Amino acid sequence: MSRIAATEKTRATAHRGDSSNFLENTLPAIASAIEVGADLVEVDVRVTKDGQVILLHDASLLRIWGLDCDAADVDYDRIGQLGAGEERIPLLSEALELFRGSPSTLLIDMDEPSPAEAAAAVVRESGVAVSWCGNLDGMRTIRALDRDARIWLPWNKRVAPPEDLLAELNPEFVNSEYVVLSKDMVEQIHSAGAKVSCWTVDDVESMRWALGLGVDSITSNQLDLLQSAIAEDPEAWASAEAPKALAGDEVLESRKVALELAEWAVGYMHDADRGQVSTKAHPADLVTEVDVAVERYVRETIAARLPGHTVVGEEMGGVAVPGAPCWYLDPVDGTTNYVNHIPWTAFSLALAVDRKPAVAVVADPWRGEIFEAVAGWGARLNGQQLLLAPVGVSPAPLAGTVVATELAGHLPWPGMLELLEQLGERHSIMRIMGSATMTVVGVAAGRGAGAIIGGFSPIDHLAATLIVHEAGGVVLNSEGETDLFPEHGGVLAVRPEYSAELYALWRQVSADAGN
């Protein structure tokens with residue numbers, strides 16, 4: 001494959017047709033996209049029970065068409081009765097007719113391999129040239145059926161596809177969710193002789209950023225906005241900020257990797273010989289061979305499974321790269337407890353892009369407990385959802401409760417002793433257990449009223465703050481703002497019903513201590 005010319009105009013691909021103005025995957029949406037000059041029109045295909053290839057994104061007919069069953073279980077005669085007039089589910093053969101003599105190209109997408117053979121047969125019979133994207137095995141089927149097919153290779157990793165995969169499929173485009181792209185990755189793909197497409201980009205800032213990378217096609221639901229961005233002076237793209245997000249597939253794989261690492265850490269930490277114990281900053285700052293071994297294993301696993309991700313760890317350091325996914329790791333939080341055979345330690349691992357947390361796990365090797373959370377998806381403990389239910393509020397809400405904290409290293413943080421005194425006056429008990437991760441994450445399971453940490457560290461606390469937040473807890477910085485990743489100061493993780501009083505108390509003792 002030859003190097004791609006960098007001067008070609010970026011193509012505008014209409015996602016499911018002109019879907020901002022017409023119902024997706026219908027003939028009017030496709031016709032409108034062609035009429036307004038989309039370079040490509042992407043549609044999704046499914047196969048009905050009687051073998052007809054239709055345009056439909058979801059496996060189910062429920063979301064748009066109101067029929068609670070899968071298209072694969074219904075004959076086309078029934079499916080064709082859904083909708084009204086041209087606002088209906090069309091056959092692929094009908095859509096292909098719209099492209100005869102048109103400068104636009106139909107891009108056929110599939111999220112599973114099963115429609116590939118049937119769709120290819122319909123295209124072959126029509127004689128209309130198309131492009132193909134979607135499921136990797138589906139693309140392999142298309143390539144086996146047609147050595148000249150225009151294939152878009154699905155790829156959602158932050159590194160360029162391997163040479164053997166490019167050689168196998170000989171794709172015209174490498175097609176990625178836009179958030180995984182970088183200038184280097186685009187240049188590497190171009191150097192390998194393929195073009196770069198990205199999806200699904202619906203805001204102008206992200207469009208400009210992708211255009212600035214030199215991508216060759218952008219898929220969008222906002223076709224008019226995309227065409228306007230493409231027509232701009234390229235200097236307008238230079239200041240666009242990179243998206244601070246993870247691809248959907250990347251989130252799923254990150255959660256999978258994190259859970260596997262947590263399960264491994266539970267077994268390893270529970271049974272391993274602690275080995276030689278040494279010190280770091282001072283005689284109370286301990287590190288064991290287990291700390292180092294766990295961190296090394298986590299780093300190796302992330303490098304192999306999630307290329308493009310970085311790690312900042314307790315034992316080996318590291319630096320977060322702006323705009324790139326970064327894992328914050330404490331292999332053994334509560335090492336002093338671990339050395340002294342006190343079963344109150346944790347494995348803590350959290351993923352964030354810049355200061356936006358996405359995935360977290362905390363593992364307790366002594367109880368076999370694994371806490372997890374994905375931003376926006378809730379929190380779980382050993383697979384069971386965590387949801388903090390309100391408790392009855394008494395005239396003295398903190399009376400009879402436990403509030404946890406931790407030392408700043410081996411010393412109290414400024415205001416901590418005053419906090420102990422003030423809690424006592426409110427008949428609330430302070431606990432200092434020796435693992436900041438366990439102290440904070442326990443709030444997510446309703447263990448105590450809350451936890452106050454004098455100085456936030458993402459290595460020690462980020463996984464736990466995300467889990468508490470996703471469980472319905474309140475997480476505040478020292479200014480009283482919801483903040484899972486404070487830039488400075490401490491952090492409060494608390495059940496909602498205690499948040500106002502406990503934050504006021506924390507603010508008072510901090511002010512008295514001069515913080």
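The values are calculated or read from the model by the stated rules, or taken from the named source; none is laboratory data. Nothing here was measured: the structure is a model prediction, and the numbers come from that model. Note that each Cβ is placed from the backbone with ideal geometry, even for glycine, and that neighbours are counted across all protein chains shown.
For residues that are touching a Gly at 6+ places or on another chain (Cβ under 7 Å) and of a type in the set (A, V, I, L, M, F, W, C), scanning just region 357-391, find the one that is surrounded by the most Cβ atoms within 10 Å (Cβ to Cβ).
The qualifying residue surrounded by the most Cβ atoms within 10 Å (Cβ to Cβ) is Leu388.
Mind checking which residues of region 211-261 are in contact with a strand residue (DSSP E or B) (Cβ under 7 Å, 6 or more places away or on another chain), charged (D, E, K, R) and surrounded by 22 or more Cβ atoms within 10 Å (Cβ to Cβ)?
Asp216
Taking region 271-284, which residues are modelled with pLDDT of 75 or more and surrounded by 12 or more Cβ atoms within 10 Å (Cβ to Cβ)?
Those that are modelled with pLDDT of 75 or more and surrounded by 12 or more Cβ atoms within 10 Å (Cβ to Cβ): Ala272, Arg274, Gly275, Val277, Ser278, Lys280.
Which residue is surrounded by the most Cβ atoms within 10 Å (Cβ to Cβ), if the candidates are limited to region 436-446 and must be more than 15 Å from Trp413 (Cα to Cα) and touching a residue at least 40 places away in the same chain (Cβ under 8 Å)?
The selected residue is Val441.
Looking at the structure I just gave you, is Arg147 buried (at least 16 other Cβ atoms within 10 Å of the Cβ) and among the charged types (D, E, K, R)?
no
Ile342 passes all but one of (1) surrounded by 14 or more Cβ atoms within 10 Å (Cβ to Cβ); (2) under 33 Å from the mean Cα position of the chain (by Cα); which number fails?
The number of the failed condition is (2).
Which residues, taken from region 491-503, are at pLDDT 95 or above and surrounded by fewer than 24 Cβ atoms within 10 Å (Cβ to Cβ)?
If the condition is that a residue be at pLDDT 95 or above and surrounded by fewer than 24 Cβ atoms within 10 Å (Cβ to Cβ), then Tyr503 is the only one that fits.
Does region 492-513 contain at least one residue that is part of a loop (DSSP other than H, G, I, E, B), farther than 25 Å from Val353 by Cα and free of Cβ contacts under 8 Å to residues at least 60 places away in the same chain?
The answer is no, given that none of the residues of region 492-513 is part of a loop (DSSP other than H, G, I, E, B), farther than 25 Å from Val353 by Cα and free of Cβ contacts under 8 Å to residues at least 60 places away in the same chain.
So Leu91 clears everything in (1) under 28 Å from Glu172 (Cβ atoms); (2) over 37 Å from the mean Cα position of the chain (by Cα); (3) of a type outside the set (D, E, K, R) except one condition, right? Which one?
Status for Leu91: all satisfied but (2).
Contact list please: Cβ distance under 6 Å, first residue in region 353-366 and among the charged types (D, E, K, R), second residue crowded, with 24+ Cβ neighbours inside 10 Å and in a strand (DSSP E or B), pairs at least six apart or on different chains.
Here the result reads Asp364/Ala346, each pair linking region 353-366 to a residue that is crowded, with 24+ Cβ neighbours inside 10 Å and in a strand (DSSP E or B).
Looking at region 213-252, which of the residues that are among the charged types (D, E, K, R) and touching a helix residue (DSSP H, G or I) at 6+ places or on another chain (Cβ under 7 Å) is nearest to Val43 (Cα to Cα)?
Among those residues, the one meeting the criterion is Glu250.
Just to verify a result, which residue in region 174-220, among those that are assigned to a helix (DSSP H, G or I) and aromatic (Phe, Trp, Tyr), is nearest to Ser254 (Cα to Cα)?
Tyr178
Write out, first by first residue and then by second, each pair whose Cβ atoms fall under 7 Å of each other, whose residues are 6+ apart or on separate chains, and whose first residue, in region 21-49, is within 24 Å of Thr10 (Cα to Cα) while the second is of a type in the set (Lys, Arg) and not in a loop (DSSP other than H, G, I, E, B).
Hits for this filter: Asp39/Arg11; Leu40/Arg11.
Considering only residues that are touching a strand residue (DSSP E or B) at 6+ places or on another chain (Cβ under 6 Å) and not charged (D, E, K, R), which ones fall in region 291-301?
Scanning region 291-301 gives Val294, Val298.
Please pick out the residue among Pro103, Pro113 that is out of contact with any Pro (no Cβ under 9 Å at 6 or more places or on another chain), under 19 Å from Phe173 (Cα atoms) and surrounded by fewer than 15 Cβ atoms within 10 Å (Cβ to Cβ).
That would be Pro103, the only listed residue that is out of contact with any Pro (no Cβ under 9 Å at 6 or more places or on another chain), under 19 Å from Phe173 (Cα atoms) and surrounded by fewer than 15 Cβ atoms within 10 Å (Cβ to Cβ).
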